[in-house]
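> This is the structure, below, for whatever I ask next.
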Amino acid sequence: MDKFSQGKQMMKMIQQAKALEKELEEETIEVEKGNVKVVVSGTMKIKELVVDGQPQDFLKEVVNDALKKAQKKASKKAAALGNLFGF
């Protein structure tokens, strides 16, 4: 496969990944237990966090930041593992 074909294939894969991410971002999962309601996107981002009927925006931001850091750490470890096995 020549470089041009590889480039086209890579662009197609990137477009598919972006489309999937957009689709997942629009998906929502809502869980309500007792006086707590959480709405999460398909990309695992908290969209809404409500306790006793009151939105908890600061807590939502803190949890989203923690999840983002955890995802980055997991991604780095997965990449290192892939390099170890030659992927």
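> Counting other C-beta atoms within 10 Å, and keeping those with at most 11, which DSSP coil GluC sites (Glu not before Pro) do you find in segment 1-39?
Here the sparse-neighbourhood loop sites are Glu27.
> Ala19 to Ser5: extension gain in nm, 0.36 nm per residue of separation minus the Cα-Cα distance?
2.9 nm
> On a full-extension model of 0.36 nm per residue, what is the gain between Thr43 and Ala74, subtracting their alpha-carbon distance, rounded to one decimal in nm?
Computed gain between Thr43 and Ala74 is 9.7 nm.
> With the cut-off at 18 Å, tell me which of the pairs Lys18/Lys45; Lys18/Lys60; Lys45/Lys69; Lys45/Lys73; Lys3/Lys77 have Cα atoms farther apart than that.
Violating the 18 Å Cα-Cα cut-off are Lys18/Lys60; Lys3/Lys77.
> Using amide H atoms built in the peptide plane, which far-off residues or other-chain residues are under 5 Å from Lys47 H to H?
Val39, Val40, Ser41
> Here's another thing I want to ask about it. Taking 8 Å as the Cα distance limit and 6 or more residues as the minimum spacing, I'd like the relative contact order of the chain as a percentage.
Relative contact order of the chain: 14 percent.
> Now for a separate question. Work out from phi, with θ = phi - 60° and the Karplus expression 6.51 cos²θ - 1.76 cosθ + 1.60, the ³J(HN,Hα) of each residue of segment 40-54, listed in order in whole Hz, and give x for Gly and Pro.
Values per residue, Gly and Pro as x: 10, 7, x, 9, 6, 10, 6, 8, 8, 9, 10, 10, 6, x, 10 Hz.
> Return the label of the correct value of volume of the Cα convex hull per residue in Å³, as calculated from the structure shown, out of (1) 119; (2) 248; (3) 90.
Computed from these coordinates, volume of the Cα convex hull per residue in Å³ corresponds to label (1).
> Next question, about the same structure. Using 7 Å Cα-to-Cβ label points, what is the Lys33/Asn64 separation (nm, one decimal)?
My value for the distance between the label points is 2.3 nm.
> Compute the angle between helix 57-84 and the longest alpha-carbon principal axis of the chain, please, reported from 0 to 90 degrees and rounded to the nearest 10.
Tilt of helix 57-84: around 30 degrees.
The numbers here are math on the coordinates, done by the rules we state, and not lab data. All of these numbers come straight from a predicted model, not from anything done at the bench. No Cβ is skipped: glycine too gets one built from the backbone with ideal geometry, and neighbour counts run over all protein chains shown.
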